[in-house]
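Just below is one structure, and these are the notes that go with it.
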Amino acid sequence: QVQLVESGGGLVQAGGSLRLSCAASGRIFSICAMGWYRQAPGSQRELVAAITSGDSTNYADSVKGRFTISKDNAKNTVYLQMNSLNPEDTAVYYCNAGVRYRNGSPCLYYWGQGTQVTVSS
């Protein structure tokens with residue numbers, strides 16, 4: 001099994017910054033991709049940003065230029081630097097990771113427990 005532990009959420013004023021971290025542990029041969037999703041009350045979960053093993057990145061249009069995703073391969077950890085936060089960014093942020101158990105096995109995806117980000121106006 002694989003565990004994802006998120007940290008870094010909290011309360012911040014509009015215009016402020018937060019940095020989220022997500023560390024993957026357990027039975028991991030390699031990581032295919034890692035990403036961050038968010039879900040606001042009454043809304044569907046949506047992709048915020050993702051990064052592949054080859055360092056390709058993808059961002060939601062609403063966060064481009066404000067959020068940056070990065071990873072530390074040695075630590076199996078992904079980060080989300082969030083700048084210029086606004087109240088519309090308020091949501092529970094979930095880490096997602098695709099993991100291979102052995103060389104050539106398919107990617108299996110796991111979710112973290114979520115971390116609350118609240119941006120006050």
Scanning segment 78-92 residue by residue, those part of a strand (DSSP E or B) and of a type in the set (Val, Ile, Thr) turn out to be VAL78, VAL92
Return the residues of segment 98-114 that are in contact (Cβ under 8 Å) with a residue 12 or more places away in the chain and either assigned to a loop (DSSP other than H, G, I, E, B) or open to solvent by less than 20 Å² (accessible area, probe 1.4 Å) (or both); say none if nothing qualifies. GLY98, VAL99, TYR101, ARG102, ASN103, SER105, CYS107, GLY112, GLN113, GLY114
Name the single residue that is farthest from the chain's Cα centre (by Cα) among those in segment 61-77 being surrounded by 15 or more Cβ atoms within 10 Å (Cβ to Cβ) and part of a loop (DSSP other than H, G, I, E, B). ARG66
Considering only residues that are of a type in the set (D, E, K, R) and more than 18 Å from ARG100 (Cβ to Cβ), which ones fall in segment 1-54? GLU6, ARG19, ARG38, ARG45, GLU46
Take the conditions exposed (fewer than 15 other Cβ atoms within 10 Å of the Cβ) and modelled with pLDDT of 95 or more and apply them to GLN81. Does it pass? no
Could you figure out which of (1) farther than 18 Å from ARG19 by Cα; (2) in a strand (DSSP E or B) isn't true of CYS95? (1)
Pair list, Cβ < 8 Å and 6+ apart or interchain, from segment 43-57 residues that are more than 17 Å from CYS22 (Cα to Cα) to residues that are open to solvent by less than 50 Å² (accessible area, probe 1.4 Å) and in a strand (DSSP E or B): SER43/ALA91; ARG45/ARG38; ARG45/TYR94; GLU46/ARG38
Is there any pair with a first residue in segment 62-90 that is free of Cβ contacts under 8 Å to residues at least 40 places away in the same chain and of a type in the set (Lys, Arg) and a second that is buried (at least 18 other Cβ atoms within 10 Å of the Cβ) and part of a loop (DSSP other than H, G, I, E, B) whose Cβ atoms are under 9 Å apart and which are 6 or more apart or on different chains, and what are they? ARG66/LEU85
How about segment 50-89: which of its residues are farther than 24 Å from CYS107 by Cα and aromatic (Phe, Trp, Tyr)? PHE67
From the options ASN76, ASN86, ASN96, ASN58, residue that is at positive phi and modelled with pLDDT of 95 or more: ASN76
Qualifying positions in segment 33-60 - in a strand (DSSP E or B) and of a type in the set (A, V, I, L, M): ALA33, MET34, LEU47, VAL48, ALA49, ALA50, ILE51
What is the one condition in (1) under 16 Å from VAL119 (Cα atoms); (2) surrounded by 14 or more Cβ atoms within 10 Å (Cβ to Cβ); (3) of a type in the set (A, V, I, L, M); (4) in contact with a Ser or Thr (Cβ under 9 Å, 6 or more places away or on another chain) that LEU18 does not satisfy? (4)
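The values are calculated or read from the model by the stated rules, or taken from the named source; none is laboratory data. Note that the structure is predicted; figures quoted are calculated from it, not measured. Ideal geometry is used to build each Cβ from the backbone, glycine not excepted, and the neighbour counts take in all protein chains shown. Protein only, heavy atoms only, side chains kept; ligands, DNA and RNA dropped before computing areas. Shrake-Rupley method; radii C 1.70, N 1.55, O 1.52, S 1.80 Å.
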